Amino acid sequence: GGMGSYYIPPVNFGLVEDNLYRSGQPVELNHPFLEKLNIKKILYFSPEPPPPGFQSFVSDQGIELMQLGAAMEEQKSSLWSPMSEEVVLQALREILDVENNYPICLIDSVGRNRVGIVVGCLRKLQRWNLTSIFEEYRRYAGSKVRILNEQFIELFDTDLVTTDKGRKPQWL
């Protein structure tokens, strides 16, 4: 009984594909829920390191945390370009390595912009049409839709992503 019997997903939590999750920054209340997912790796999109409480949770669980975009200088220009192509490609490389990295979770502060871009670029790789990609992006972005993020997804060149024929996910 008690609070322990409730599993509360983090803000903007969602399933992208089998064993591929997305979410905003989890708080302690979400830890029991995350524990059940048996996550092996977290891609953490933020210039700042994760909060100490989350860092200890991750190491207690033996989850590998990979911070992407730590070198992003968060200047005003970051509004125009939310992410570098480099970070997106790096993320997609990890996401396509099902064998070594799954179950995997993509996290940014609110599970909206950076994660939304990465998922959008992944959907392009899956040959989704732009309408469906933007629908999914907006479902998570809510009123905080940034046209520039959608432009980034639209212009993203999927040919830059190398997929290893033998090891790519079933859903690709």
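The values are calculated or read from the model by the stated rules, or taken from the named source; none is laboratory data. Note that the structure is predicted; figures quoted are calculated from it, not measured. Note that each Cβ is placed from the backbone with ideal geometry, even for glycine, and that neighbours are counted across all protein chains shown. With ligands, DNA and RNA removed, areas are computed over all heavy atoms of the protein, side chains included. Shrake-Rupley method; radii C 1.70, N 1.55, O 1.52, S 1.80 Å.
For this structure, a couple of remarks:
- Output for region 25-54, where each listed residue is surrounded by fewer than 13 Cβ atoms within 10 Å (Cβ to Cβ) and either aliphatic (A, V, I, L, M) or outside any loop (DSSP other than H, G, I, E, B) (or both): Glu28, Pro52, Gly53
- All of (1) out of contact with any Asp or Glu (no Cβ under 9 Å at 6 or more places or on another chain); (2) at pLDDT below 95 hold for Pro47 with one exception: (1).
- Qualifying residue in region 115-134 (condition: touching a Lys or Arg at 6+ places or on another chain (Cβ under 6 Å), touching a residue at least 60 places away in the same chain (Cβ under 8 Å) and open to solvent by 10 Å² or more (accessible area, probe 1.4 Å)): no
- The residues of region 138-149 that are in a loop (DSSP other than H, G, I, E, B) and either hydrophobic (A, V, I, L, M, F, W, C) or free of Cβ contacts under 8 Å to residues at least 12 places away in the same chain (or both) amount to a single one, Val145.
- Pair list, Cβ under 9 Å, 6 or more apart: region 1-23 residue within 12 Å of Ile95 (Cα to Cα) and among the basic types (Lys, Arg), other residue at pLDDT 90 or above and surrounded by fewer than 19 Cβ atoms within 10 Å (Cβ to Cβ): Arg22/Gly14; Arg22/Leu15
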